[in-house]
1. Under a GNM of the chain (C-alpha, springs under 10 Å), which listed residue has the highest mean-square fluctuation: M77, M150, M52?
2. Can you list residues from other chains, or at least 5 along the same chain, whose modelled amide H is less than 5 Å from the amide H of D157?
3. Could you state the number of Å between the C-alpha centres of region 80-137 and region 24-76?
4. Please compute the net charge surrounding V156, taking Lys and Arg as +1 and Asp and Glu as -1 over other residues with Cβ under 15 Å from its Cβ.
5. How much accessible surface does L188 have with a 1.4 Å probe, in Å² rounded to 10?
6. Can you give the calculated 222 nm mean residue ellipticity of the chain, where each DSSP H run of n ≥ 4 adds -39,500 (n - 2.57) and the sum is split over every residue, rounded to the nearest 500 deg cm²/dmol?
7. Quick one: work out the % antiparallel among DSSP beta bridges in the chain, nearest 5.
8. If I model a spin label as a point 7 Å beyond the Cα along the Cα-Cβ vector, how far apart are those points for S155 and Q138 in nm?
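The values are calculated or read from the model by the stated rules, or taken from the named source; none is laboratory data. It should be emphasised that the depicted structure is a prediction, and the values quoted were computed from it without experimental measurement. Here the Cβ positions follow ideal geometry from the backbone for every residue, glycine too, while neighbour counts run over all protein chains shown. Heads up: the accessible areas ignore ligands, DNA and RNA and are worked out on the full protein's heavy atoms, side chains in. Shrake-Rupley method; radii C 1.70, N 1.55, O 1.52, S 1.80 Å.
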Amino acid sequence: YKKLTQGVSQVSSDIAGASGLAGRYATALYELAEADKQLDTVAADLNVIRDMVDESADLARLIRSPVIARDDQVAAMDAILTAAGVSELTKRFVGVVAQNRRLFSLTAMIKQFQGILAQRRGELTAEVSSAQELSAKQLKTIEDELKKAMGTKVSVDARVDEDLLGGLVVKIGSRMIDSSIKTKLQQLRLGMR
């Protein structure tokens, strides 16, 4: 706990894109996970946590609510993460975040950690939104096509966005490819005016 807290307060800023509150915490976690040779474990844990927050309105309220007592947030997160089976390092990290009253930035910290990990591995991350969950074969095809187009390994962060109706929206950094039916309908509507 003490080592993790010191890591957050003394973190170096040499990792591009890791700025601000979320960047400092993500960088500290990255450095600890790298030192303990647990990068893949922590990355998997963070994906589990992100998915749990996305799927549970109650958990999202817990991490964003300023009125829930610090000790209650710490205890609740510890119980949730223990039940989810995440590693001790990840549990300690989330505990420090909760103790410091920074749970509201947890999802931003996860995103920053993933960005740092991808950058260090020479990868790009593509956020792919689709109307329905994509199969493993579809994800592999998208990953392969993006790798060809970008000239480097691209990891796909797939999410379901039921507002899309159909098609895909792909974001890589500041680039966005929107081939969703929703956007095509909006363009058609504008063209008919």
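1. In the Gaussian network model the winner is M150.
2. A126, E127, V128
3. 7
4. +2
5. In the full protein context, L188 sits at about 100 Å².
6. Helix contribution divided over all residues of the chain: -19500 deg cm²/dmol.
7. Counting DSSP beta bridges with both partners in the chain, the antiparallel share is about 55 percent.
8. 2.2
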